[in-house]
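Student: For reference, the structure I am asking about is given below.
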Amino acid sequence: AMQLCRVYHDLAADDEKWEKKVTKILQYINSLLSSLVKAEYWDLALRLFLQAALVCDLMGIQSAETAGYEFVSQAFAIYEEEVSDSKAQLVAISLIIATFERSINFSEENHEPLRSQCLRASSKLLKKPDQCRAVSLCAHLYWSGKNREMAGKPMEEGKKVLDCMKKAVRISNQCMEPSVQVQLFVELLNKYIYFLDNGCNDVSEVMIAQLIGKIREDMPGLEASEATSQITSHFKTTLEYITAQHSMSFPDA
């Protein structure tokens, strides 16, 4: 059914009734996925709701946007009501965020509450490391996310990006396990570099230097292990990249 929507969309120039046909197909898809929900196939239903939302986004018509919003809302409902395992929750919210980041035809009226809901859901994950990673993912919604009013251009709301990243850093500071905390710092450092490289002026080299200083301060206290070795290697590679790409130098501590 989703593939048939794409077929009708491609034939739009030759079929004046293609929008009505697509609308009926989307209604049929909704009924099929609702049957999966009733049968308690939660994971499959959530993934197919998100896939259907992307198909709706491709259509670029009002009825499809309405259906797409409903599909994303249904995916959120499954996530909030039926997904209880912490690992499954992180996977599910990451899928929702990634799906939403790829969409381009939601109006700002629908886009804003959905991205806000992504951030709220990420902040409520049970485990702090999961919260940190999901909140940092939300930063991408405010940078590379698109809506219909932007006509395909990314939002690039640097202040919102920075708010998300600062929140992720605060959450990582609350982690009790030192190795997990440093690992998160290194992951967030790479996120900061990504946004700096992509023109986010609200991210500064000063912030990056401060985070590097924090990592260097905490890393000597980690117990020797394979995980520590991997964190150290990741950090070293990141510093090498920064040194090569930016006018920043980091002498060995």
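The values are calculated or read from the model by the stated rules, or taken from the named source; none is laboratory data. This one's a predicted model, so the numbers in the text were calculated from it and none came from an experiment. Note: ideal-geometry Cβ built from the backbone for every residue, glycine included; neighbour counts use all protein chains shown. Ligands, DNA and RNA are stripped out before the accessible areas are found, and what is left, the full protein with its side chains, is counted by its heavy atoms. Shrake-Rupley method; radii C 1.70, N 1.55, O 1.52, S 1.80 Å.
Student: Kindly list the number of the only condition in (1) under 19 Å from Glu112 (Cβ atoms); (2) in a loop (DSSP other than H, G, I, E, B); (3) of a type outside the set (Val, Ile, Thr) that fails for Cys56.
Tutor: Status for Cys56: all satisfied but (2).
Student: Can you say whether Arg133 is free of Cβ contacts under 8 Å to residues at least 12 places away in the same chain and open to solvent by 30 Å² or more (accessible area, probe 1.4 Å), as far as the supplied structure shows? Break it down into steps so the answer makes sense when it comes.
Tutor: Numbers: free of Cβ contacts under 8 Å to residues at least 12 places away in the same chain: no; open to solvent by 30 Å² or more (accessible area, probe 1.4 Å): yes.
Spelling it out, it is not the case that Arg133 is free of Cβ contacts under 8 Å to residues at least 12 places away in the same chain and open to solvent by 30 Å² or more (accessible area, probe 1.4 Å).
Student: Scan the stretch 7-31 residue by residue and report those that are open to solvent by less than 80 Å² (accessible area, probe 1.4 Å), part of a helix (DSSP H, G or I) and farther than 18 Å from Glu82 by Cβ. Let's see the steps before the verdict.
Tutor: Residues of the stretch 7-31 that are open to solvent by less than 80 Å² (accessible area, probe 1.4 Å), as a first pass: 7-9, 12, 15, 18, 21-23, 25-26, 29-31.
Keeping just the survivors that are part of a helix (DSSP H, G or I) gives 7-9, 12, 18, 21-23, 25-26, 29-31.
Of everything in the stretch 7-31, those that are open to solvent by less than 80 Å² (accessible area, probe 1.4 Å), part of a helix (DSSP H, G or I) and farther than 18 Å from Glu82 by Cβ turn out to be Val7, Tyr8, His9, Ala12, Trp18, Lys21, Val22, Thr23, Ile25, Leu26, Ile29, Ser31.
Student: Moving to a separate point now. Could you figure out which of (1) crowded, with 21+ Cβ neighbours inside 10 Å; (2) under 29 Å from Pro129 (Cα atoms) isn't true of Val55?
Tutor: (2)
Student: Additional query: From Phe71, Phe76, grab the single residue that is open to solvent by less than 40 Å² (accessible area, probe 1.4 Å), in contact with a helix residue (DSSP H, G or I) (Cβ under 9 Å, 6 or more places away or on another chain), aromatic (Phe, Trp, Tyr) and farther than 17 Å from Ile104 by Cα.
Tutor: On the way: Phe71 fails: farther than 17 Å from Ile104 by Cα.
Every option except Phe76 fails the conditions.
Student: Restricted to the stretch 32-42, and to residues that are aliphatic (A, V, I, L, M) and out of contact with any Leu (no Cβ under 8 Å at 6 or more places or on another chain), which residue is surrounded by the fewest Cβ atoms within 10 Å (Cβ to Cβ)?
Tutor: Our first condition is that a residue be aliphatic (A, V, I, L, M); within the stretch 32-42, this holds for 32-33, 36-37, 39.
If we keep only those that are out of contact with any Leu (no Cβ under 8 Å at 6 or more places or on another chain) too, we end up with 32, 37, 39.
Details: Leu32: 13, Val37: 18, Ala39: 10.
The qualifying residue surrounded by the fewest Cβ atoms within 10 Å (Cβ to Cβ) is Ala39.
Student: Taking the options Lys153, Lys124, name whichever one is free of Cβ contacts under 8 Å to residues at least 12 places away in the same chain, of a type outside the set (S, T, N, Q) and more than 30 Å from Lys20 (Cα to Cα).
Tutor: Lys124
Each row is one residue, and each column tells you yes or no for (1) out of contact with any Pro (no Cβ under 7 Å at 6 or more places or on another chain); (2) surrounded by 15 or more Cβ atoms within 10 Å (Cβ to Cβ); (3) under 25 Å from Leu141 (Cβ atoms); (4) basic (Lys, Arg).
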{"position": "Lys191", "(1), (2), (3), (4)": "yes, yes, yes, yes"}
{"position": "Leu196", "(1), (2), (3), (4)": "yes, yes, yes, no"}
{"position": "Asp202", "(1), (2), (3), (4)": "yes, yes, yes, no"}
{"position": "Met207", "(1), (2), (3), (4)": "yes, yes, yes, no"}
{"position": "Ile212", "(1), (2), (3), (4)": "yes, yes, no, no"}
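Student: Related question: Does any residue of the stretch 35-46 turn out to be under 26 Å from the mean Cα position of the chain (by Cα) and within 21 Å of Arg115 (Cβ to Cβ)? Reasoning before the result, please.
Tutor: Of all residues in the stretch 35-46, those under 26 Å from the mean Cα position of the chain (by Cα) come to 36-37, 40-46.
Remaining after also requiring within 21 Å of Arg115 (Cβ to Cβ): 46.
Yes; the residues of the stretch 35-46 include at least one that is under 26 Å from the mean Cα position of the chain (by Cα) and within 21 Å of Arg115 (Cβ to Cβ).
Student: Which pairs do you get when a residue that is in contact (Cβ under 8 Å) with a residue 24 or more places away in the chain, found in the stretch 8-19, comes within reach of a residue that is of a type in the set (S, T, N, Q), reach meaning Cβ atoms under 7 angstrom, with the pair 6+ apart or on two chains?
Tutor: Glu19/Ser63
Student: Could I ask something else about it? So Gln245 clears everything in (1) closer than 26 Å to Arg120 by Cα; (2) open to solvent by 20 Å² or more (accessible area, probe 1.4 Å); (3) touching a residue at least 12 places away in the same chain (Cβ under 8 Å) except one condition, right? Which one?
Tutor: Of (1) closer than 26 Å to Arg120 by Cα; (2) open to solvent by 20 Å² or more (accessible area, probe 1.4 Å); (3) touching a residue at least 12 places away in the same chain (Cβ under 8 Å), only one is false for Gln245: (1).
Student: Of the residues Glu149, Glu101, which is modelled with pLDDT under 90 and in a helix (DSSP H, G or I)?
Tutor: Details: Glu101 fails: modelled with pLDDT under 90.
Only one candidate qualifies: Glu149.
Student: Report, by residue number, each residue of the stretch 97-118 that is open to solvent by less than 50 Å² (accessible area, probe 1.4 Å), over 9 Å from the mean Cα position of the chain (by Cα) and among the aliphatic types (A, V, I, L, M).
Tutor: Selection gives Leu114 alone.
Student: Could you tell me whether any residue of the stretch 78-90 is at pLDDT 95 or above and within 14 Å of the chain's Cα centre (by Cα)?
Tutor: Yes, some residue in the stretch 78-90 is at pLDDT 95 or above and within 14 Å of the chain's Cα centre (by Cα).
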